[in-house]
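Report on one structure; see the data block that follows.
The values are calculated or read from the model by the stated rules, or taken from the named source; none is laboratory data. Computed from a predicted structure; not experimentally measured. Glycine gets a Cβ as well: all are built from the backbone with ideal geometry, and neighbour counts include every protein chain shown. Areas reflect the complete protein model, heavy atoms only, side chains present, ligands, DNA and RNA absent. Shrake-Rupley method; radii C 1.70, N 1.55, O 1.52, S 1.80 Å.
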Amino acid sequence: MKLEKVDVEILKILEKDGRASFRDIAKKVGVTTPTVSNKVSMYEQMGIIKGFSVNVDTEALGEISILLSVKCKPSDVPKTAEKLKEAEEVREVYIVGGSWIWAKVTLIDNTHLNQFISELTKMEKILDYEYKTIVSTIKEESRAVLSEGVNAVLSCFYCRKPMHDKPVKLKMDGKDHFVCCNTCAKEYKIKYEKLKEGI
Ligand SMILES: [Zn+2]
């Protein structure tokens, strides 16, 4: 699905304010409220919107954030990244190629930071690490750059496989549903009806 101007506008409003009402969004964008509601549920189903979260200011909480780089053998990178991911303090993890993993970690205070680093040094397979404390955040935006024409890769609503070809569109209860093929369409309709009966 190619993002249209109206999609970008809706997503930008929601990105700034996840609590914006569909009515207000509709007014701002110049479409009807049901259109907004349909589009938002489609973004959710497509995975464009991953959730509506509250943005807590970590600096206001007096927390410490660090940028951490961890080095290991290239073959150990995926496993180590997975392990880092498990810690609640680790907020973002990136594999940057070669033998490095970068992460953003948030800690309550210096004691917590020391604890975290001491646990890190005990982790197997880590050859080297380095970290810097973030002194001040100049810019922090979500990584998605919203603009018209961006092609969102839709996943089949039934089998969940990414659809690179033109999806099959099903209109049910006034909403668009997308599946990858006629087989999935058939199965999806059955599942959808069952779900509806359940409600
Ligand atoms: Zn499918």
*Within the group 135, 54, which residue is open to solvent by 100 Å² or more (accessible area, probe 1.4 Å) and either under 30 Å from residue 36 (Cα atoms) or touching a His at 6+ places or on another chain (Cβ under 7 Å) (or both)?*
54
*If you check residue 86 against the conditions, is it surrounded by fewer than 10 Cβ atoms within 10 Å (Cβ to Cβ) and more than 11 Å from residue 66 (Cα to Cα)?*
yes
*Could you tell me whether segment 30-51 includes any residue that is among the aromatic types (Phe, Trp, Tyr) and more than 20 Å from the chain's Cα centre (by Cα)?*
no
*State which residue pairs qualify: first residue in contact (Cβ under 8 Å) with a residue 12 or more places away in the chain and inside segment 121-133, second residue among the hydroxyl-bearing types (Ser, Thr, Tyr) and assigned to a strand (DSSP E or B) in any location, beta carbons under 7 Å apart, and separation of 6 or more residues or different chains.*
129/69; 130/69
*Number of the exception - residue 198 against (1) open to solvent by less than 80 Å² (accessible area, probe 1.4 Å); (2) over 21 Å from the mean Cα position of the chain (by Cα); (3) within 30 Å of residue 17 (Cβ to Cβ)*: (3)
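One line per residue, one yes/no per condition, for (1) surrounded by 13 or more Cβ atoms within 10 Å (Cβ to Cβ); (2) in a helix (DSSP H, G or I):
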site	(1), (2)
18	yes, no
26	yes, yes
41	yes, yes
78	no, yes
*Out of 193, 187, report the one residue that is within 11 Å of the ligand (Cβ to nearest atom), part of a helix (DSSP H, G or I) and surrounded by fewer than 18 Cβ atoms within 10 Å (Cβ to Cβ).*
187
*asked:* If a residue must be assigned to a loop (DSSP other than H, G, I, E, B) and at pLDDT 75 or above, how many such residues does segment 52-65 contain?
replied: 3
*Out of 10, 101, which single residue is farther than 29 Å from residue 159 by Cβ, open to solvent by less than 30 Å² (accessible area, probe 1.4 Å), not polar (S, T, N, Q) and not in a loop (DSSP other than H, G, I, E, B)?*
101
_Number of positions in segment 126-184 that are more than 16 Å from the ligand (Cβ to nearest atom) and part of a loop (DSSP other than H, G, I, E, B)_ = 22
*Can you name the residue in segment 115-124 that is open to solvent by less than 100 Å² (accessible area, probe 1.4 Å) and of a type outside the set (A, V, I, L, M) and, of all such residues, is nearest to residue 54 (Cα to Cα)?*
116
